[in-house]
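Structure record follows, encoded as structure tokens.
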Amino acid sequence: MSRTGKLFGFGGLIIAMFMGTLDSTIINIALPKLMTEFNTNLSGASWVATIYALALAVFMISATKLADRFGRKKIMLLGLACFTLFSAACMYANSLSMLLVFRFFQGIGGAIITPLVLPIGTHLLGKQNISKIAAVVGAFTALAAASGPAAGGIILEYTSWHWIFGLNVPIGVIAFLLVLIFTSESYDDTLTGNFDILGMLMLTLILGGVTFGLLEGREYGWTSTLILSSFGAGIIGIILFIFVEFKASSPIVEFNLFREKTFTASSIVYLITGFALVVPSVIFNYYLQNVLNYTALHSALTIIPVSLAIVVGMPLGTKLADKIGANPVNFIGILLISASFLTLSLITTDTSRAVMIVFLIISGAGFGFSTVSYVSSVKHLPQAKTGTGSGIANSARQIGMCLGIAVLVTMLNANVATAKNNIRDTAIAAVNSKNMSDTVRNVATTEIKSLFSNNDSKNTDYTAKQTQLTNKLKKAASDKSQLPIPEPGTDYRTLYDAAQKLSTGNSQLTESLRKTSHLTVSNTQLTAIIGALLSGSTTLENGQNKVSTAIQLLAQKNELQNVLHQIKRQKNTQLNQAFSKTYLICAIMLVVCSPIALFSDNKQSKR
């Protein structure tokens, strides 16, 4: 096959892999739309993302083993067909349950596609190019995962959630044709014995149990029977699986691969990058939309620099690794990510968007460097084992993302719950300290308790709740009964006292005119004059009463504005601290794990 044909084939593989990885994060930004579309809560809608991640983590290793045995090209084409077909089905799903079923099978297609790109690409372009191939694959994998929220935001801005799935169809067809025409079949010729069906089933159950527990522990409770059973079954299953695999003639997971320390260390580093990727793709995106009230498109454009930095960082990191080895490159990558998260922990709601983008660029460069671990994971494996190695490394990365969602999002939820309690208590105290009517105070207290309640932590549409709070307070504040007298020492109190004095003086004048009118009943002309004065005095008195009421309303409005501003400031401070703690703890965890990167390549090896 000509070099051009090979490049077309490799292009088809990259397109396929990019689609499969992109769909693991692109849907997150559309969850509010799905909640509205299918009349469900965030917990129900989040299963659209969860079930895809579950399928990816569970089936990747099994898919690569099936491909090694029965033909990588055949299985890749099957995966592409499955992914494209069920993408179209997802586009036209008319119920949440139907979408979840289609999404699961789409995930199986993605699990087949992603790990097979490297072994097919290596067979196509030659073992001597494996470092370059792995570098490109790793770069586009990281780019796809980081680009998900941005791509989703842009699609939602100009079309609808249906096209998040629909765009996969023409792209999937193109990838299918390129792979069909411009790639050739390959196998793992070292495999002997029967296919390890028992091992595959056990591995599926183990990964399914562990991954389900990680993804749904927050929903069902970490100590619930279901989650504990999932983890327990996974742990017991792992023990039995290891025993069975050592007895199998052709095990589904070849444990002897882990004797190569560079493969083991690199796979762990790749897992760490998956774990860390949750911060920009999920947590920071959540901050932008739910704390800063960015639109989906605005949030997407803010996060895009992460993807762009990965595009630059990955090839740069690969070139450095060629000269100095992967150890320092992977190590520096993790430290850069840690540094980025440390800087993110310092931002506030007043931090400019440009500064946040700079911090995200540092993060993207770190992901670009640390993704070199994908190259080093398979570099020292025999060519026949690149498929299995790629499957394990990709599965490790996917499990890392699941672990990141479990640990970091749970941590964030706990921090946000504490912040909401503090905001609620401070806000109610502030309301009670202000000079407002009982009606306004009761409405404010009730709505604040609802806004900052932890009982509906799955419903995070703070913008809608804040609008509801504002509207109800406006209605309550318009009630003119039981208006409080303005606080002493304020301008409003000075105006109110002056109005009251005028009203008192006018009342005295009115009373005098009434008495005079009784004494002059015989003088018709004087009686008419006094009657006119009495009518004018009454009108003036009514006007002065309205002025006093208006002053009371303005004084209460000022008190209300002050307390709302105080609550907003407290809310921003507390929520910032909740996110900052999460970023900081993640940064510390990465620093602690970073020495593993120093074993991801042989020191004496030069590429």
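The values are calculated or read from the model by the stated rules, or taken from the named source; none is laboratory data. Remember, it's a predicted structure, so these values are computed and weren't measured experimentally. Please note: Cβ atoms are built from the backbone with ideal geometry, for glycine as well, and neighbour counts cover all protein chains shown. Accessible surface areas use protein heavy atoms only, side chains included; no ligands, DNA or RNA. Shrake-Rupley method; radii C 1.70, N 1.55, O 1.52, S 1.80 Å.
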Those residues of region 6-40 which are farther than 20 Å from GLY153 by Cα and among the polar types (S, T, N, Q) amount to ASN39, THR40
Criterion violated by LEU77 - all others in (1) under 28 Å from ASN129 (Cβ atoms); (2) buried (at least 23 other Cβ atoms within 10 Å of the Cβ); (3) not small (Gly, Ala, Ser) satisfied: (2)
With respect to SER340, determine if the residue is open to solvent by less than 10 Å² (accessible area, probe 1.4 Å), at pLDDT below 90 and assigned to a helix (DSSP H, G or I). no
Of the residues in region 343-361, those that are assigned to a helix (DSSP H, G or I) and surrounded by fewer than 21 Cβ atoms within 10 Å (Cβ to Cβ) number 8
With (1) surrounded by fewer than 22 Cβ atoms within 10 Å (Cβ to Cβ); (2) touching a residue at least 12 places away in the same chain (Cβ under 8 Å) as the list, and VAL101 as the residue in question, which single condition is left unmet? (2)
Report yes if LEU473 is touching an Asp or Glu at 6+ places or on another chain (Cβ under 9 Å), of a type outside the set (Val, Ile, Thr), on the phi < 0 side of the Ramachandran plot and at pLDDT 75 or above, otherwise no. yes
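Which ones in region 432-451 are within 33 Å of the chain's Cα centre (by Cα) and β-branched (Val, Ile, Thr)?
Looking only at region 432-451, we keep the residues that are within 33 Å of the chain's Cα centre (by Cα), and these are 443-451.
Result: VAL443, THR445, THR446, ILE448.
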Does region 414-430 include one or more residues that are without any contact (Cβ under 8 Å) to a residue 12 or more places away in the chain, assigned to a helix (DSSP H, G or I), aliphatic (A, V, I, L, M) and closer than 30 Å to LYS475 by Cα? yes
Being touching a Ser or Thr at 6+ places or on another chain (Cβ under 7 Å) and touching a residue at least 12 places away in the same chain (Cβ under 8 Å) narrows it down to one residue among ALA145, ALA151; which is it? ALA145
Among the residues of region 47-66, what is the count of those that are without any contact (Cβ under 8 Å) to a residue 60 or more places away in the chain and within 15 Å of the chain's Cα centre (by Cα)? 3
Return the residue satisfying two criteria in turn: it lies in region 305-337 and is in contact with a helix residue (DSSP H, G or I) (Cβ under 7 Å, 6 or more places away or on another chain) and over 20 Å from VAL136 (Cβ atoms), and of such residues it is surrounded by the most Cβ atoms within 10 Å (Cβ to Cβ). ILE337
Criterion violated by THR463 - all others in (1) part of a helix (DSSP H, G or I); (2) modelled with pLDDT of 65 or more; (3) open to solvent by 60 Å² or more (accessible area, probe 1.4 Å) satisfied: (2)
For ALA296, which of the numbered conditions (1) among the hydrophobic types (A, V, I, L, M, F, W, C); (2) open to solvent by less than 30 Å² (accessible area, probe 1.4 Å); (3) modelled with pLDDT of 85 or more fails to hold? (3)
In region 161-197, what residues are open to solvent by 40 Å² or more (accessible area, probe 1.4 Å), farther than 30 Å from LEU7 by Cα and in contact with a helix residue (DSSP H, G or I) (Cβ under 9 Å, 6 or more places away or on another chain)? HIS162, PHE195
Show the residue pairs that are 6+ apart or on different chains and have beta-carbon atoms under 6 Å apart, the first residue being within region 318-334 and over 15 Å from PHE367 (Cα atoms), the second being open to solvent by 10 Å² or more (accessible area, probe 1.4 Å). ASP322/ARG607
Looking only at region 410-436, which residues are surrounded by fewer than 16 Cβ atoms within 10 Å (Cβ to Cβ) and either basic (Lys, Arg) or touching a strand residue (DSSP E or B) at 6+ places or on another chain (Cβ under 7 Å) (or both)? none
Filter region 480-523 down to residues that are loosely packed, with under 13 Cβ neighbours inside 10 Å and modelled with pLDDT under 65 and give me whichever is nearest to ALA550 (Cα to Cα). HIS518
Answer residue from region 59-104, given it is not small (Gly, Ala, Ser) and not in a helix (DSSP H, G or I) and is farthest from ASN394 (Cα to Cα) among those: ASN94
